[in-house]
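Here the structure comes first, spelled out in structure tokens, and everything after it is commentary.
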Amino acid sequence: MSEPRSSAAQTHPISNIMPPTSGNTVPRVPIEPGTMLSLRQAHDVTLSPDGQRVAFTLSAFVADRQKVQARIWTVETSGRDEAQPLTKGPGDDVHPRWSPDNRQLAYVSTGEGEKEKPQLYVIAAHGGEARRVCTMPNGVSEPEWAPDGNRIALLSLEGEELPRDPLVVLPTCHRRLWIVRPDVTIPEPVTPDHLTVWE
């Protein structure tokens, strides 16, 4: 699988690559100021149900925005083509999840504003305009498709949002399990309002 290329990533000139040591065939790059900003990280890799494609989140530093941005990329498992970005939102796009029929991807995306909460979106597997499925006051996380593809499960915080460090759990604040149909914007609660669901 070819490594995806991005205009946001910085590269090091060949002259800066250290020669391999004895027995090591992998070139080493010296750590210099700004080196970590040139690294791109692929994570949250998920295989399509038919095994033909892989979706993953690629995080890279964007120089003109001075921040790391996450986008969802896809690539065929055959290795014939290079990986391509699927999403292009202004915020971070994470947690890609294939629909059972391989035709769509559900994912979580944040808006451009820092105070905007992450919401659930669906996009065609071969690209196009993404569609917001629903809007939850405190955002969503951990989306998963039902086996029949007619519903998506998600977690959403209820109650006052608390700091993550240190982690605080109160009876009035918990994560609740919901389901929503991709063509209906109103989610339905699954777990009771006094129970916290972690994953």
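The values are calculated or read from the model by the stated rules, or taken from the named source; none is laboratory data. Everything numeric in this text was worked out from a predicted model, so none of it was measured. Cβ sites come from the backbone with ideal geometry, for glycine too, and all protein chains shown count toward neighbours.
Here are a few things to note about the model shown:
- Among the residues of region 121-143, those identified as farther than 19 Å from residue 73 by Cβ and surrounded by 15 or more Cβ atoms within 10 Å (Cβ to Cβ) are 133, 134, 136, 138, 139, 140, 141, 142.
- Taken together, 87, 135 contain a single residue that is touching an Asp or Glu at 6+ places or on another chain (Cβ under 6 Å) and either over 18 Å from residue 47 (Cβ atoms) or assigned to a loop (DSSP other than H, G, I, E, B) (or both), which is 87.
- Count of region 92-111 residues which are under 21 Å from residue 156 (Cβ atoms) and out of contact with any strand residue (DSSP E or B) (no Cβ under 6 Å at 6 or more places or on another chain): 2
- Filter result for residue 143 (in a loop (DSSP other than H, G, I, E, B) and either at pLDDT below 95 or under 24 Å from residue 44 (Cβ atoms) (or both)): no
- Taking region 99-115 as the range and being part of a loop (DSSP other than H, G, I, E, B) and out of contact with any Gly (no Cβ under 7 Å at 6 or more places or on another chain) as the test, the residues that pass are 102, 103, 113, 114, 115.
- Being under 27 Å from residue 184 (Cα atoms), without any contact (Cβ under 8 Å) to a residue 40 or more places away in the chain and not basic (Lys, Arg) holds for only one residue in 57, 35, and it is 57.
- Residue 75 vs. criteria touching a residue at least 60 places away in the same chain (Cβ under 8 Å), surrounded by 15 or more Cβ atoms within 10 Å (Cβ to Cβ) and not in a loop (DSSP other than H, G, I, E, B): yes
- In the set 58, 37, only one residue is at pLDDT below 80 and either hydrophobic (A, V, I, L, M, F, W, C) or under 28 Å from residue 106 (Cα atoms) (or both); that residue is 37.
- Failed condition for residue 103, given (1) modelled with pLDDT of 95 or more; (2) closer than 22 Å to residue 138 by Cβ: (2)
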